[in-house]
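Read the structure below first, then the notes.
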2 protein chains.
Amino acid sequence: MVHRGQELTVAEGTHRHDHGGRHTHEHVADGCSVPASARTVAEQLAAVLAAVAPLPPALVSLDEALGLVLAEDIRSATDTPPFDNSAMDGYAVRRADLLGATEQTPVSLPVVADLAAGTAQNPRLETGQVARIMTGAPIPDGADAVVPIEDTDQGTQTVQVMRPPGPAAHIRRAGEDAHAGDTVLTRGSELWPTRIAAAASAGTSGLRAHPAPRVAVISTGSELVTPGEPTRRGQIPDSNSYLLAAAVAEAGGVPIRLGAVPDDENTLRSLLTSLAGTVDAIVLSGGVSVGAYDVVKAVLAPLGTVRFGPVKMQPGKPQGFGRWPADADGTDGPVIFALPGNPVSAFVSFEAFVRPALRRMGGHSELFRPTVDAVAAESWASPAGRAQYMPVMLRRDGTRTLARRAAAGGSGSHLVAGLGQAQGLAIVPEDVTRIDEGGPVTVMLVT
Amino acid sequence: MVHRGQELTVAEGTHRHDHGGRHTHEHVADGCSVPASARTVAEQLAAVLAAVAPLPPALVSLDEALGLVLAEDIRSATDTPPFDNSAMDGYAVRRADLLGATEQTPVSLPVVADLAAGTAQNPRLETGQVARIMTGAPIPDGADAVVPIEDTDQGTQTVQVMRPPGPAAHIRRAGEDAHAGDTVLTRGSELWPTRIAAAASAGTSGLRAHPAPRVAVISTGSELVTPGEPTRRGQIPDSNSYLLAAAVAEAGGVPIRLGAVPDDENTLRSLLTSLAGTVDAIVLSGGVSVGAYDVVKAVLAPLGTVRFGPVKMQPGKPQGFGRWPADADGTDGPVIFALPGNPVSAFVSFEAFVRPALRRMGGHSELFRPTVDAVAAESWASPAGRAQYMPVMLRRDGTRTLARRAAAGGSGSHLVAGLGQAQGLAIVPEDVTRIDEGGPVTVMLVT
């Protein structure tokens, strides 16, 4: 069973085993400690969501609207359809003229007009007259039914009708779909194709929607080179800027992938300064830990507007969130997510915090990925005191969905090749230390 | 329960009621007839899928790759990671030097190097020496473990270590994620964010993928005006070109929305001629029926490469499929879908036939929308001999998913405003004539 649109935090995970343990400064399996100041995933998510709001509405054309969220109600400019019209190719008739028609005793009547779709003609039908009419053409005054072409000899001067129409047969009434002024789409609706069509049909050429957030994506680290360029000892290809830019696009944002910058404070500070006012959010990766060259922390922590601290999760523990300082005129700076540098950590943190925030900025009411109740296909351990986000592959097994770890190394935070096979993230609550083969596990679907 | 990646045709619908009826030319509820030459949905789908193939692979950059399908295996250019490196900020050490360290009796050792991420340095550690090392920096020769910074006094000339590391602690081994030459992504994989990251990490700057199909979208009908422009009697806003262009984008194609053309054969023929060689597919709506001005049929039927005929479905019965004629040099013309003009019919036909074809052209192995087993929240009728595609709204009710018709008028083919509320299409098999309140119904999810 897939659960859509629900907030899943570790506090809501299935089958929690409350050991009553205190984890305020306990050393856990991988040697990391959890300081008392650490936030839970739920606390970090709450802080992130409290800091963002839907972006101010902008006017967008229907051609740009797919996936955006309406910031206004759309009302029909006219009745829809705007006039009584034919639902069939055939003949507009006065039904009383044809009551006795049969195949053996057809009724023959003069065709006084030929009404194509788009015509403005409105020839009044008198008793005994018919008009040829095409689908969508306006029903002429006097007509009260349409005879489909199949029930006639298709005559153009006179027509033989073999079957009487029912009352008001094949007439689509003005306003049948919507009346002028009716609300056809409500504020907050996500603009999927049929809704864009409804706006068009209502006579709308452009609409006010929350724009897709523009998101700068920057990797940090002097070890990073552009993929495909030669690497010497100590260097690796930048993968995070590609990962996170694609994830931004997939979340409905507009990524501006700025690639990798070295561990140099002035370079990073200049770049961030140049972005203020041009983007809605900045997603950084790397440089958030306790090392001597943690450039993101070095540049952002002194501002006082970005909080760095551990989150009780694995992977993804150290990270930062806040804003670039406001302009002199008080305009908010872009939201800043400072994610861990390890690709799996960066991805997990994106899914846990950045994606919901971008969805909220885009005006979406459904912020969260769907989850499934799966069955663990193998056992694995999870650290006490931290929620684990384990990349898993999913496989259907009858009515069950089986979850198996996507990489032999489990949630090892650098196993990017294995991560590419993961369709979901198994979410193991803080106080659960072991997933048992055959036992339940909640999986956030990420593909 | 959601079913993903399965082909759903009406022959596979749930709870079929075989009445043994013959429907070769039976008049059904709405007065339409089903000629013996009509194809079932499954037959039409089979014909469509047999006529399309994955587009020839093209080289695309990683920035353009999201959602495309790989047309080659991606192998790691080097070991990943390419060298042993530190998983923590700390000190690279020779473990034997530290076996007795405790908080009370720390071991003090000289720091002979400072290894930042990205460094090419490789200072050989002799017995009793350590190097400060940051996450991702290469492990120097002679070191066999990393002590996290938290277990030290963080000294830069000499360092006091309070805890001995475990064997090979915090060392990420070269090739741990992938060895040089290992396949990290296989041909046929859809490029989601983590896979793009895996390609980057493998040292790939561009990859061969099936391009997104380029699809021209054209509405036909002299009654159509651009939405927002004033309408006189007989005119309505074009909504189909917006509907179908957005649906193409949502299906992973690149829409080229050309708007509406009037019911004029020369205009349409010129436009279609100009498109040959520039697009992979053309989606037309309107002009496919039996009327006097059915321009699409008039232009395409004589070519002999586009078949027009009824499909046993409601709505969407009359439609055409084929190709623009091949060039003089034998190059195939674009695939042509001639859909009905009514918006709901056009949408249903797009979902049933165009979307699976575009997915195949894009190289996807999963061509079909997911379906859910829902419970009908109300009763409705369905025509004998035709599969019904009923737009429905879905609502969770405990473990059940309830399906209710999205518009009072049901599957009335012009109810575009109601269609905008539909999250799915209930698929009622050909030989089922009634859906009962509380009974099962299979729903294709379209949002």
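Bear in mind that the values in this text are calculations on the coordinates, not laboratory data. The structure displayed is predicted, hence computed values, not measured ones. As a convention, Cβ positions derive from the backbone with ideal geometry for all residues, glycine included, and neighbour counts pool all protein chains shown.
Partner shielding of A:305-316 amounts to 0, given as the average count of beta-carbon atoms from other chains within 10 Å of each residue beta-carbon.
With a simple spin-label model that places each label point 7 Å from the Cα along the Cα-to-Cβ direction, the separation between residue B:393 and residue A:395 comes to 4.1 nm.
With neighbour counts taken as other beta-carbon atoms within 10 Å, the residues B:270, A:241, B:382 rank, fewest first, as B:270, B:382, A:241. Structural descriptor for chain A: relative contact order 18 percent, calculated from alpha carbon pairs under 8 angstrom and at least 6 residues apart. Counting, for every residue in A:241-254, the Cβ atoms of other protein chains within 10 Å of its Cβ and taking the mean gives 5. DSSP assigns beta bridges within the protein assembly as shown; of those with both partners inside it, close to 70 percent run antiparallel.
Mean residue ellipticity, 222 nm, helices only, chain A: the sum of -39500 (n - 2.57) across DSSP H runs of n ≥ 4, divided by residue count and rounded to 500, is -4000 deg cm²/dmol. FRET efficiency for the pair residue B:141 and residue B:254, taken as 1/(1 + (r/R0)^6) with r the Cβ-Cβ distance and R0 = 51 Å, rounds to 0.45. Mean per-residue shielding of peptide A:116-124 is 6, counting Cβ atoms of other chains within 10 Å of each Cβ.
Sorting A:136-145, A:163-172 by average packing, meaning the other beta carbons within 10 Å per residue, from highest down gives A:136-145, A:163-172.
Ascending distances from the residue A:397 label point to its copies in the other chains, with the point 7 Å along the Cα-to-beta-carbon line: 3.3 nm. Label-point distances for residue B:447 to the equivalent site in the other copies, using a point 7 angstrom along Cα→C-beta, read 2.7 nm when ranked shortest first. Which of the lysines could a cross-linker bridge to residue A:317, judged by Cα under 16 Å and excluding same-chain residues fewer than eight apart? Within the straight-line cut-off, residue A:317 pairs with A:297. Remark: spin-label model distance residue B:436-residue A:112 equals 5.2 nm, labels positioned 7 Å along the Cα→Cβ axis.
Magnitude of the charge dipole for the protein assembly as shown, about its Cα centre and with charges confined to Cβ atoms of Lys, Arg (+1) and Asp, Glu (-1), is about 520 debye. Each other residue within a Cβ distance under 13 Å of residue B:220 adds +1 if Lys or Arg and -1 if Asp or Glu, for a net charge of -4. Sorted from closest to farthest, the other copies place their residue B:265 label points 7.8 nm away, with each point set 7 Å from Cα along Cα→Cβ.
Taking the DSSP beta bridges with both ends in chain B, the antiparallel portion is around 70 percent. Largest first, the extents of the alpha carbon coordinates of chain B on the three principal axes equal 95, 57, 45 Å. Compared with the dominant principal axis of the Cα atoms in chain A, helix A:265-275 is inclined by about 20°. Using R0 = 56 Å, the C-beta based FRET efficiency linking residue A:150 and residue A:365 works out to 0.75. Against chain A, whose longest principal axis comes from its Cα atoms, helix A:41-51 is set at around 60 degrees.
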